[in-house]
Amino acid sequence: MCGRGTEVCEKLRKRRVDICCLQEVRWRGQGARLIGTKGRRYKLWWSGNEKAAGGVGVLVKELLEKVVEVQRRSDRVMSIVLALEREVMRVICGYGPQTGRSREEKDGFYDEMASEWDLGSRSELVLGLGDFIGHVGEWMDGFDGVHGGYGFGERNVEGRMLLEFCDEKDLCVANTWFRKKRKVTFSAGGTTQKLTLC
C-alpha cells in the first residue's frame, strides 16, 4: 500500500467494490486512516508488524462505513464487523504463510482463522477473504461440498490445509464453483505459476 493508496481506491471505485481485503500492506503497527481523494475515499483498517513487512488490511468505501467492531489478531489475520441495514456482516481478512514456512506457523495461522471464525454468531453473514497461499487443485478428491470441481493445477500442502479448514467449518472455496474466463501466468521470485482470474 505504500504510496499506492489513491491508485488502489480508484481501481476499486471503477470496479464498484465497496469492501476489499488486502495483504502485504507493509505498514507498521495497527491503525486506521482515510485513503483516496475526497468523495472517492475508502477507510483502511490495518494490522502490520514492526518490520513493515507483510500485514493485512480491510478497505471499506467511506460512504458505506458502518463498521462497529475491529479485531486485529496478528499481521496475518484481522476482521471487521459491519452493521448494515438488514444484516450484520463479519469480514475476516487472512494472509497465509508462504510455501517453505514451518508447519507450526501454518497451523498457527489456521488456529487464528478458526478463533476469528468462531466469534461469528448464527445471525451474522461471515466472509473469509484473502490470500491463503494454497493451490486447491483441479479436482474435488474427497472435498465434495467444499471444492466445486473447477479448480486449476495441482493441489499443494497449503491448498489441502485450506480445504481441511473449510471442511471443518462447513465452508466452500467459492472460486472453484464456476468456470473461469481466462488464465494468466504470474512470475515472482524465480517461480512461475498459472493463475485463474475470475
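Points to keep in mind about this one:
- Candidates K43, K61, filtered to the one that is touching a helix residue (DSSP H, G or I) at 6+ places or on another chain (Cβ under 7 Å) and at pLDDT below 95: K43
- For first residues located in the stretch 11-31 and touching a residue at least 60 places away in the same chain (Cβ under 8 Å) and open to solvent by 30 Å² or more (accessible area, probe 1.4 Å), partners that are outside any loop (DSSP other than H, G, I, E, B) and hydroxyl-bearing (S, T, Y) and lie 6+ apart or on another chain with Cβ distances below 7 Å form the pairs Q23/Y95.
- If you go through the stretch 74-88 and pick out every residue that is basic (K, R) and loosely packed, with under 12 Cβ neighbours inside 10 Å, you end up with 1.
- Annotation: of all residues in the stretch 32-73 being open to solvent by less than 50 Å² (accessible area, probe 1.4 Å) and at positive phi, the one that is nearest to the chain's Cα centre (by Cα) is G55.
- Whether a residue is over 24 Å from V173 (Cα atoms), of a type in the set (S, T, Y) and touching a residue at least 12 places away in the same chain (Cβ under 8 Å) was assessed, and S47 passes this test.
- Pairs, first closer than 15 Å to L163 by Cα and open to solvent by 50 Å² or more (accessible area, probe 1.4 Å) in the stretch 113-139, second outside any loop (DSSP other than H, G, I, E, B) and aromatic (F, W, Y), C-beta under 9 Å, six or more apart: D131/Y95
- Selected residue (criterion: surrounded by the most Cβ atoms within 10 Å (Cβ to Cβ)) from residues of the stretch 89-112 that are within 16 Å of R73 (Cβ to Cβ) and of a type in the set (G, A, S): G94
The values are calculated or read from the model by the stated rules, or taken from the named source; none is laboratory data. Remember, predicted model here, so these are calculated numbers, not experimental data. Note that we place each Cβ from the backbone using ideal geometry, even for glycine, and neighbour counts take in every protein chain shown. Heads up: the accessible areas ignore ligands, DNA and RNA and are worked out on the full protein's heavy atoms, side chains in. Shrake-Rupley method; radii C 1.70, N 1.55, O 1.52, S 1.80 Å.
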